[in-house]
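Here the structure comes first, spelled out in structure tokens, and everything after it is commentary.
Readers should treat all values here as calculations from the given coordinates under stated rules, not as data from a laboratory. Predicted model only: the values in this text are computed from it and were never measured. Virtual Cβ from ideal backbone geometry, glycine too; neighbours counted across all protein chains shown.
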Amino acid sequence: MKPLAYRMRPRTIDDVIGQEHLTGEGRIIRRMTEAKKLSSMILYGPPGTGKTSIASAIAGTTQYAFRMLNAVTSNKKDMEIIAAEAKMSGTVILLLDEVHRLDKAKQDFLLPFLENGAIILIGATTSNPYHAINPAIRSRCQIFEVKPLAPASIKKLLVKALHDKENGLGSFKTHITDEALEHFAGASGGDVRSSLNALELAVTSTKPDKNDVIHITLAIAEECLQQKSFVHDKDGDAHYDVLSAFQKSIRGSDVNAALHYLARLIEAGDLVSIARRLIVIAYEDIGLASPQAGERTLSAVEAAERLGFPEARIPLANAVVELCLSPKSNSAYKAIDAALADVRAGRAGEVPLHLKDAHYKSAAKLGRGVGYEYPHDFKNGWIAQQYMPDLLKNKRYFEPKMTGKFEQALASVYEKIEKGKKETRH
């Protein structure tokens with residue numbers, strides 16, 4: 001017998017639970033399906049979130065033939081069979097799993113059939129199609145993101161499976177506690193396939209009582225479905241999404257959110273990414289507002305690397321809390337980016353003659369170093385002179401922020417120097 005998750009796949013678009021942003025009333029996939037105006041599409045999202053279910057529901061609603069292949073394990077011959085079927089009987093919906101792994105030979109074979117509509121491709125992938133899928137396929141497809149199901153949606157499907165006598169577990173007399181049901185619905189991280197298969201395991205492996213009633217308790221549920229905290233693929237979208245949320249939470253001074261994303265990265269065992277991102281944050285987001293935060297962050301990272309997990313979480317948490325609650329400034333990093341933008345755009349100009357290297361014979365004959373004023377020879381170690389190339393002599397890259405005492409002090413010195421330069425020019 002096929003697994004419960006397979007048996008409970010929706011037959012029509014009305015049977016789809018979750019993904020209301022795509023299949024709800026008036027939403028794009030429902031409209032396409034009801035009008036029988038289908039275009040090829042790519043569904044991307046984490047495992048077990050309903051990509052195959054949506055494809056199955058589309059086929060069931062439109063009454064088109066529905067075939068499934070895998071871009072890696074299926075060969076060109078398999079595709080030729082489906083193409084022949086499409087020529088003979090009309091439109092075929094092809095669900096192609098791992099579509100991001102489609103090689104050029106298979107792609108070239110499919111493209112004409114996608115163009116004439118004989119095959120409606122529904123590509124399924126866990127990878128971001130904008131990064132992973134060949135543009136030739138991507139340009140011929142609508143792209144839809146499939147999201148992890150909320151516990152309430154999974155619970156609804158679990159209850160349905162428990163009462164469905166034809167495809168579900170309705171032939172069993174099952175009593176399940178609310179705690180067990182909540183565990184099945186919430187512990188899978190939005191993976192409905194895992195929830196359904198764990199429920200089936202619980203029901204079929206638990207001995208009934210003398211009245212033939214199967215009692216599913218929280219303890220049984222926990223045995224059958226181990227906690228799945230979240231989807232985290234170090235080469236996938238989830239990894240970069242969590243790192244992005246981590247940095248943005250620290251930048252936004254939200255300690256609790258930052259600790260949450262740190263916990264996710266710790267659970268993934270990703271010390272390298274945590275360490276690199278924290279050091280970047282210390283200099284990009286805190287910067288001159290609290291320069292000592294960079295030194296302390298580096299010390300915390302070194303301690304974490306020496307300790308390893310699980311103890312590494314302690315110095316990492318210290319660093320995160322400090323960075324969250326430190327004053328913020330991106331003035332130095334914005335300044336260097338502005339300078340780089342000029343250089344890369346060709347706005348550089350020639351180094352002024354008096355600044356050029358004069359440590360060789362005859363340099364003075366070429367005007368190198370002539371007129372250079374040595375700042376240490378003057379009061380306060382400063383003398384007004386031009387350092388910028390003529391092309392950029394009035395350019396100002398650094399714009400200090402007054403978010404920390406250290407940068408306020410720097411700003412005071414900076415403005416005095418800038419004022420002195422202006423007075424000298426006039």
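Between LEU340 and ARG11, what is the FRET efficiency for a Förster distance of 60 Å, r being their Cβ-Cβ separation, to the nearest 0.05? Given R0 = 60 Å and the Cβ-Cβ separation, E is 0.55. Seen from THR33, the other residues with C-beta closer than 11 Å to its C-beta sum to a net charge of +3, counting Lys and Arg as +1 and Asp and Glu as -1.
Close amide H partners of ILE143, meaning residues 5 or more places away or on another chain with modelled amide H under 5 Å apart, are ILE42.
Length gained on full extension, SER412 to ARG396: 4.2 nm, using 0.36 nm per residue less the C-alpha separation. Taken as Cα centroids, the stretch 349-365 and the stretch 3-78 sit 71 Å apart, rounded to the nearest whole angstrom.
The aspartates and glutamates whose alpha-carbon is closer than 14 Å to the alpha-carbon of LYS2, local same-chain residues fewer than 8 away aside, are GLU166, GLU200. Distances between placed amide hydrogens fall under 5 Å for ASN70 paired with ASP97, all partners being 5 or more residues away or on another chain.
Each label was represented as a point 7 Å from its Cα along the Cα-to-Cβ direction; for VAL213 and LYS104 these points are 6.6 nm apart. Pairs spanning more than 28 Å between alpha-carbon atoms, out of LYS365/LYS416; LYS51/LYS77; LYS356/LYS393: LYS365/LYS416.
Only Lys, Arg, Asp and Glu carry charge here, each on its Cβ (+1 for the first two, -1 for the last two); on that basis the stretch 305-391 has a dipole of about 180 debye about its Cα centre. Only aspartates and glutamates eight or more places from LYS106 in sequence, or on another chain, were considered; those with a Cα closer than 16 Å are ASP78, GLU80, ASP97, GLU98, GLU115. For the stretch 280-288, 3J(HN,Hα) computed residue by residue from phi via the Karplus equation (6.51, -1.76, 1.60; θ = phi - 60°) reads 4, 4, 4, 9, 7, 9, 9, x, 6 Hz, glycine and proline entered as x. Counted by neighbouring Cβ atoms within 10 Å, the residues HIS21, HIS131 run from fewest to most as HIS131, HIS21. Using C-alpha pairs below 8 Å separated by at least 6 residues, the relative contact order for the chain is 11 percent. When Rg and Dmax of the Cα atoms in Å is calculated for this entry, the matching label among (i) 31.4, 109; (ii) 21.2, 69; (iii) 24.1, 74 is (i).
From the square roots a ≥ b ≥ c of the eigenvalues of the alpha-carbon gyration tensor of the stretch 151-224, which class results: rounded (a/c under 1.5), prolate (a/b over b/c), or oblate? Could the numbers behind the result be given before it?
Numbers: a/c = 1.93, a/b = 1.35, b/c = 1.43.
Cα axes put the stretch 151-224 in the oblate bin.
Which of the aspartates and glutamates could a cross-linker bridge to LYS395, judged by Cα under 15 Å and excluding same-chain residues fewer than eight apart? Counting by Cα, and skipping residues close in sequence, LYS395 has these aspartates and glutamates nearby: ASP337, ASP342, GLU350, GLU415, GLU418. The helix-only estimate of mean residue ellipticity at 222 nm for the chain, built from DSSP H runs of length n ≥ 4 each weighted as -39500 (n - 2.57), is -15000 deg cm²/dmol after division by the residue total. Looking at the square roots a ≥ b ≥ c of the eigenvalues of the Cα gyration tensor of the stretch 350-425, which shape do they give, rounded for a/c under 1.5, prolate if a/b is larger than b/c, or oblate? It comes out prolate by the Cα gyration axes.
Approximating the spin labels as points 7 Å out from Cα along Cα→Cβ, the VAL255-to-VAL159 distance works out to 4.0 nm. Using a simple spin-label model with pseudo-atoms 7 Å out from Cα toward Cβ, ALA136 and ILE314 lie 5.8 nm apart. Here the Karplus curve 6.51 cos²θ - 1.76 cosθ + 1.60, taken at θ = phi - 60°, turns the phi angles of the stretch 246-258 into couplings of 4, 5, 5, 5, 5, 4, x, 6, 9, 4, 5, 5, 4 Hz, with x standing for Gly and Pro.
Hey, with R₀ at 35 Å, roughly what FRET efficiency would GLN63 and LYS173 work out to, going by the Cβ-Cβ distance, to 0.05? Approximately 0.45, to the nearest 0.05. Distances between placed amide hydrogens fall under 5 Å for ILE120 paired with VAL92, ILE93, LEU94, all partners being 5 or more residues away or on another chain.
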